[in-house]
Structures are given as C-alpha cells and as structure tokens.
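The values are calculated or read from the model by the stated rules, or taken from the named source; none is laboratory data. Predicted model, so just to flag it, every value in this text is computed and none were measured. Please note: Cβ atoms are built from the backbone with ideal geometry, for glycine as well, and neighbour counts cover all protein chains shown.
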C-alpha cells in the first residue's frame, strides 16, 4: 500500500465518525431542540457521504453510479447546517422560506436524473464528460456555498448574542460556546477545502486535517447544551419594523420621558433588579407595559439595552454592600448574589467596566479615602 493510500485511510475514519455524529444528532443529543438536532444530523450524514465517496475514489471501490449517489446530496450540506443553526438560535420562529435554500440541490438532482444517471448506465457505469462550464460550476459552486453559509450562520449567532442582552440580565446559563466551537470547526474544514484547491501540499495532508476537524466537530456537538433557558426576543424583521413604527407613532418624546421615569423609579424603589432571574418580560409585567414599549424606552430613553440597565443597578447595589458593615462576613460571591448577579463572572465584568476597578480594588480605594 502506498503512502498516499495510507493517509487516505483517514477519510474512512472521518466518514465513520460523521455517520456516528449524524446518528447521535438524529436521536437528539440534548433532547431540547429536536428540529435543530435533526438538521444537524442531516449535515453530518451528508458530510459522511462526502468522506465515504473520497475514500472509495482513493481505493477504486465502487463504480461511477455509487460515487455519484454519494455526491448527490453535497449541495444540500450547508443549507442543512444553516437550518440547524437557525433553529438553535430562533427555535420558536417559523422558517417559511427554508425550501429556497435547497433550490441548487434540487436543480443538481434533476440534472442528474435527466442527464447524468442515464449516461452512467450507457457508458459502463462511468460518468460522462461534462462541458467545461458545467465542470466549473460543479467544482467551485460548493466552495462558494460553504463560504456564504458559514458567514450567514456566524451572523445568526452574533445576532443571537446581541438579542440575549435585550431580554436577559444574565447570560451564563445560556450556553453558546459549543455552537461557536462548531462554527470554528466548520471554518477549519472550509480552509482545508480552499487550501487543497490552491496548494498540493495541503491536498496531500488533507485526510489527516479533515480527521482533526471531525474531532473538533465531535467535541462541540457532544458537549452542546441548550442555548435557550429563557424566553426569546426574536421578532421577524417585518414584525420588528411594524413594532417600531407603531411605537414611533404612539409614543411622543414626552411620553418616553414619562415612561423612562416610571421604569427607573419602580425598578429602583422596589429593587426589582435584585431578582437574579429577571427578564424583559418579567419586568414589563411588573411595570405594566408591553415588552416592546419597555425595550423602546430603555433603548431610546436611557440609551441602554436591558442587560446594561439591570446590571448597572446591581453594580450600584454591590458598591453599597462592599462597604457595608452588615456584609463584612460575605465573600465576593455572596456580595454578587446579594446584589442580584447570577454569577461571579458577570459581577466582576460589569463592576470592572463601570468603575475601572475590581471589587477588591474598589474596597481598598474607598478605605484609603476614609
């Protein structure tokens, strides 16, 4: 067996691992978001088909028909990943235009059924020679599709991270790390693919590199947690525009100022911010206005999102607690919890951003003053 074929064995490992990941995803790794897991499972199964095809080609296993069957779903791979990410970050939003992402795959399928497959059987199980322009599309369209959908998926994740702070005063229990690792792993695959086209040395070592990428994907998938542990604030663009237009028509500058005063006074006087699980909908219900109105008042009246508004109040509470004789027996985690913070990490980050000092540095600074 040649050295190249020895390296090609890693395609078999990658294919087998992908089939396993696909099966686990279809079964529901976290059993929280079934639709997202199934789309992710479809992505892994198509990826497994790709690695299986490459392995068969390297070792001359199977004929043109089998290899073509394994290649058929390739153009549906990244739309499946997009649908998975979409359902993970916006599980309650209807995906009305999902089928449009699979149009290229359907066109390729029709082209195969009408032209390629009949010719395979007429040419002794071998693919016909395609015109140069079709070869160009088949070869490079998938690369462009990979880059496009990765950017779109990354944008979905970033938007999700921004929207979390519109509704939640804490983000620690809403785990995004595994999904970020998954996209980083997919980016690693894309770079290998592009590098293989541009450099023969990358092509030579790509079986091992792809296998390393599969290990990264497996880690991110098997360690995934629920992204949503609170209600979402993900209005569609149409609903968001309508809501803003309605609010602009309904709320004058004077009304915004009045609501701003009510929101601030009620939140501070009743110390609602001390509830570590406080969300936008909970606060809006306590104040007696809609979530859209509250969000609009915070953004336009105070210039803050919900996360900033609540945690700044908690920081002020923490300042008092740090210097109080009644809380000298508490450690910093105890102070953080007493001030309404959900974790020590958020407490430190928010406090340092507001004061340019850590809690311990703040105590020392105030002690010197007195």
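Annotations for the structure displayed:
- Residue match in the stretch 196-204 (condition: under 24 Å from residue 25 (Cα atoms) and without any contact (Cβ under 8 Å) to a residue 24 or more places away in the chain): no
- The residues listed here are 129, 147, 114; of these, the one that is out of contact with any strand residue (DSSP E or B) (no Cβ under 8 Å at 6 or more places or on another chain) and either at pLDDT 90 or above or surrounded by 14 or more Cβ atoms within 10 Å (Cβ to Cβ) (or both) is 147.
- Test: residue in the stretch 43-57 that is farther than 20 Å from residue 208 by Cα and either outside the structural domain of residue 193 (by TED's automatic domain parsing) or crowded, with 19+ Cβ neighbours inside 10 Å (or both): yes
- Residue 290 modelled with pLDDT under 90 and not assigned by TED's automatic domain parsing to the domain that holds residue 168: yes
- From the list 176, 157, the lone residue that is over 26 Å from residue 297 (Cα atoms), in contact with a helix residue (DSSP H, G or I) (Cβ under 7 Å, 6 or more places away or on another chain), modelled with pLDDT under 95 and in the same structural domain as residue 71 (by TED's automatic domain parsing) is 176.
- Residues satisfying the stated conditions in the stretch 334-360, i.e. loosely packed, with under 15 Cβ neighbours inside 10 Å and under 25 Å from the mean Cα position of the chain (by Cα): 345, 349
- Scanning the stretch 197-219 for residues that are surrounded by fewer than 20 Cβ atoms within 10 Å (Cβ to Cβ) and closer than 19 Å to residue 39 by Cα yields 216, 218, 219.
- Annotation note: Cβ proximity below 6 Å between a residue of the stretch 294-314 that is within 12 Å of residue 351 (Cα to Cα) and a residue that is assigned to a helix (DSSP H, G or I) (sequence gap 6+ or interchain) occurs for 311/350; 313/273; 314/273.
- Taking the stretch 346-369 as the range and being under 18 Å from residue 313 (Cβ atoms) and touching a residue at least 40 places away in the same chain (Cβ under 8 Å) as the test, the residues that pass are 346, 354, 355, 359, 362.
- Residue that is farthest from residue 316 (Cα to Cα), among those in the stretch 263-282 that are part of a loop (DSSP other than H, G, I, E, B) and more than 30 Å from the chain's Cα centre (by Cα): 270
- At least 1 residues being touching a strand residue (DSSP E or B) at 6+ places or on another chain (Cβ under 8 Å) is the threshold, and among the helices (runs of 4 or more DSSP H) wholly inside the stretch 283-370 those reaching it are 306-323.
- Restricted to the stretch 245-259, and to residues there that are in a helix (DSSP H, G or I), over 33 Å from the mean Cα position of the chain (by Cα) and surrounded by 15 or more Cβ atoms within 10 Å (Cβ to Cβ), the residue that is modelled with the lowest pLDDT is 256.
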